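These notes concern the structure reproduced below.
The values are calculated or read from the model by the stated rules, or taken from the named source; none is laboratory data. Here the structure is a predicted model, which is why all the values come from computation and not from measurement. Positions of Cβ are generated from backbone atoms using ideal geometry, with glycine treated the same way; all protein chains shown enter the neighbour counts.
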């Protein structure tokens, strides 16, 4: 679980589930509180993309390193958004962009 909203206030809290202990535990907080954040994993890290900070939509991307228990800002996507689906795929970015042509969907590659 990463971010979200408590009433109208965005959260920076993050929890992970430990299946061996059958419980949730807190880990390092996001650098920016954000609700509606998109989450994906790649190469052992968790990426938080976009979201809303309570005042504005975000385009920033941060990555969590579970070995260091630390989040850091690593980049941005071209459009601010919240509630977006985020995925990792092994194809050329031009192939992904072609899928978004002719529709209202926006595709960002990082």
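Of all the residues that make up region 2-18, how many are in a strand (DSSP E or B) and closer than 19 Å to residue 86 by Cβ?
Adding up the residues that qualify gives 6.
Does region 38-69 hold any residues that are part of a loop (DSSP other than H, G, I, E, B) and surrounded by fewer than 16 Cβ atoms within 10 Å (Cβ to Cβ), and which are they?
If the condition is that a residue be part of a loop (DSSP other than H, G, I, E, B) and surrounded by fewer than 16 Cβ atoms within 10 Å (Cβ to Cβ), then 43, 44, 54, 55, 56, 66, 67, 68, 69 are the ones that fit.
Being within 10 Å of the chain's Cα centre (by Cα) and at pLDDT below 90 narrows it down to one residue among 84, 48; which is it?
84
Identify the residue in region 19-37 that is free of Cβ contacts under 8 Å to residues at least 12 places away in the same chain and in a strand (DSSP E or B) and, among all such residues, is nearest to residue 62 (Cα to Cα).
25
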